[in-house]
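Please read the structure below before turning to the comments.
The values are calculated or read from the model by the stated rules, or taken from the named source; none is laboratory data. Every value quoted in this text rests on a predicted model; they were computed, and no experiment measured them. Using ideal geometry, Cβ is built from the backbone for each residue, glycine included, and neighbour counts are taken over all protein chains shown. Each accessible area value is taken on the protein alone, full model and side chains, heavy atoms only, with ligands, DNA and RNA left out. Shrake-Rupley method; radii C 1.70, N 1.55, O 1.52, S 1.80 Å.
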Amino acid sequence: MELRWRKSSFSADTGACVEVAEEGDWVFLRESDDPDVIVRTTRRKLRAFLEGAKAGEFDDFT
């Protein structure tokens, strides 16, 4: 499957960017410096994760 990867226009050219692609019901994530490792999830799960991150649910990890 050939995916069309996108990354934020705010990313620098350091190679350490998260890239996103979609195919059907799936959303794929990868780091540009390790493109062979791909995480697959659904839009609903990604949305829940992002909302949690924005709300500070994972702040204790740092």
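Odds and ends about this structure:
Table: residues versus (1) under 11 Å from the mean Cα position of the chain (by Cα); (2) hydrophobic (A, V, I, L, M, F, W, C).
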position: R4; (1), (2): no, no
position: S11; (1), (2): no, no
position: E22; (1), (2): yes, no
position: F49; (1), (2): yes, yes
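- The residues in segment 31-49 that are within 19 Å of S8 (Cβ to Cβ), out of contact with any Leu (no Cβ under 9 Å at 6 or more places or on another chain) and open to solvent by less than 80 Å² (accessible area, probe 1.4 Å) can be counted, and the count is 3.
- Tally of residues being touching a strand residue (DSSP E or B) at 6+ places or on another chain (Cβ under 6 Å) and at pLDDT 95 or above across segment 6-29: 6
- Considering (1) part of a strand (DSSP E or B); (2) surrounded by 11 or more Cβ atoms within 10 Å (Cβ to Cβ); (3) charged (D, E, K, R), the lone condition that E57 does not fulfil carries the number (1).
- When E19 is tested against (1) without any contact (Cβ under 8 Å) to a residue 12 or more places away in the chain; (2) open to solvent by less than 60 Å² (accessible area, probe 1.4 Å), exactly one condition is not met: (1).
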